[in-house]
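*Asks:* Please find one structure pasted underneath; my questions will follow.
The values are calculated or read from the model by the stated rules, or taken from the named source; none is laboratory data. Just so it is clear, the structure is predicted and the values come from calculations on it, not from any experiment. In this analysis, Cβ positions are derived from the backbone assuming ideal geometry, glycine residues included, and neighbour counts consider all displayed protein chains.
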Amino acid sequence: MRPNKREELVQKALDAYNRHGFQATGMDLLVRETGISKTSMYKHFSTKDDLILAVLERRDALFRAWLIERMQALGKTPIARILALFDVLEEWFAMPDFQGCMFIRAAAEYQDKTHPIRQQSARHKQQVEDILKNLAQEAGLENQGLLARQLVLLKEGAIIAAHVQLSATAAADAKAAARLLLGQ
């Protein structure tokens, strides 16, 4: 399998895991959905967990790049970019392929705190928190760590409300709460 085939496998597996979940997506289903044989898959990934980790790494890179780009496009100041987070979430929730957060689902399916998949999910969440902390620092706000953690709670709650409760106002509600936190 050429390197671009490996990337194709990771992207197709990302789509399959997003639709069906990690535990429910066995190698036979991946073969059917990707069109790539088990033999070829195992040439690049010795275990299903290795493939899932590659999928999560891809999702993390794509999501964070998109998130940062959209926040920068929608907000000209650090505080405006923090608030834009919730506008970006609203865009995401409106996408036809929105299935909730892949990292929340991965952590739910792999509950052992020492499992690499669970740890990768936690790293993603920490990296998003770090984005918010850095923006709070740029804005000269006090208690940047606490503020970032509180904003992440609003973000995560909005994701759950949009996915589980099908809330049409989750992002706007979280943004209103963020405005209060920021004194806006």
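*Asks:* When only residues in the stretch 91-107 that are of a type in the set (Gly, Ala, Ser) and surrounded by 14 or more Cβ atoms within 10 Å (Cβ to Cβ) count, which is nearest to PHE63 (Cα to Cα)?
*Replies:* If we take residues in the stretch 91-107 being of a type in the set (Gly, Ala, Ser) and surrounded by 14 or more Cβ atoms within 10 Å (Cβ to Cβ), then GLY100 is nearest to PHE63 (Cα to Cα).
*Asks:* Another question about this same structure. Filter the stretch 8-18 down to residues that are at pLDDT 90 or above and of a type outside the set (A, V, I, L, M, F, W, C) and give me whichever is nearest to LYS48 (Cα to Cα).
*Replies:* Among those residues, the one meeting the criterion is TYR17.
*Asks:* Now for a separate question. Got a sec? Which of LYS76, LYS38 is surrounded by fewer than 14 Cβ atoms within 10 Å (Cβ to Cβ), of a type outside the set (Phe, Trp, Tyr) and closer than 25 Å to GLN137 by Cβ?
*Replies:* Only one candidate qualifies: LYS76.
Residue-by-condition table, conditions (1) touching a residue at least 60 places away in the same chain (Cβ under 8 Å); (2) on the phi > 0 side of the Ramachandran plot; (3) touching a Lys or Arg at 6+ places or on another chain (Cβ under 9 Å):
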site: PHE22; (1), (2), (3): yes, no, yes
site: GLY26; (1), (2), (3): no, no, yes
site: GLU33; (1), (2), (3): no, no, yes
site: LYS43; (1), (2), (3): no, no, yes
site: LYS48; (1), (2), (3): no, no, no
site: GLU57; (1), (2), (3): yes, no, no
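*Asks:* Within the stretch 9-77, which helices (runs of 4 or more DSSP H) (wholly inside it) include 1 or more residues that are under 19 Å from GLU109 (Cα atoms)? Explain how you work it out, then say what you get.
*Replies:* Values: elements: 27-34, 38-44, 48-74.
Output list reads 27-34, 48-74.
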